[in-house]
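The values are calculated or read from the model by the stated rules, or taken from the named source; none is laboratory data. Computed from a predicted structure; not experimentally measured. Because the Cβ atoms are built from the backbone with ideal geometry, glycine has one as well, and the counts that use them run over all protein chains shown. Only protein heavy atoms, including side chains, enter the accessible area calculation; ligands, DNA and RNA are left aside. Shrake-Rupley method; radii C 1.70, N 1.55, O 1.52, S 1.80 Å.
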Amino acid sequence: MPDSLTLTPLLATALFLLLVFSGRGFRQNWKAQGPNWQRKAWAYGLPALAAFLALAFVPMEF
């Protein structure tokens, strides 16, 4: 991984908000299980997963 790849506090906050709202949408969709719920679960789950992985493994700039 290049040394220049870091998260700024603003970007980390945006990723955290994406994680929270996508995770909430995933959970609500999973509980409701309406029409096409699996496709919607993937649509909410993948951004939540990407945001989590970025926050967990990309270092922050202080």
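Structure values in brief
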quantity: Residue that is most open to solvent (accessible area, probe 1.4 Å), among those in the stretch 19-46 that are touching a residue at least 24 places away in the same chain (Cβ under 8 Å) and in contact with a Gly (Cβ under 9 Å, 6 or more places away or on another chain); calculated: Gly23
quantity: Sole residue being out of contact with any Gly (no Cβ under 6 Å at 6 or more places or on another chain), open to solvent by 90 Å² or more (accessible area, probe 1.4 Å) and modelled with pLDDT of 95 or more, chosen from Phe62, Phe16; calculated: Phe16
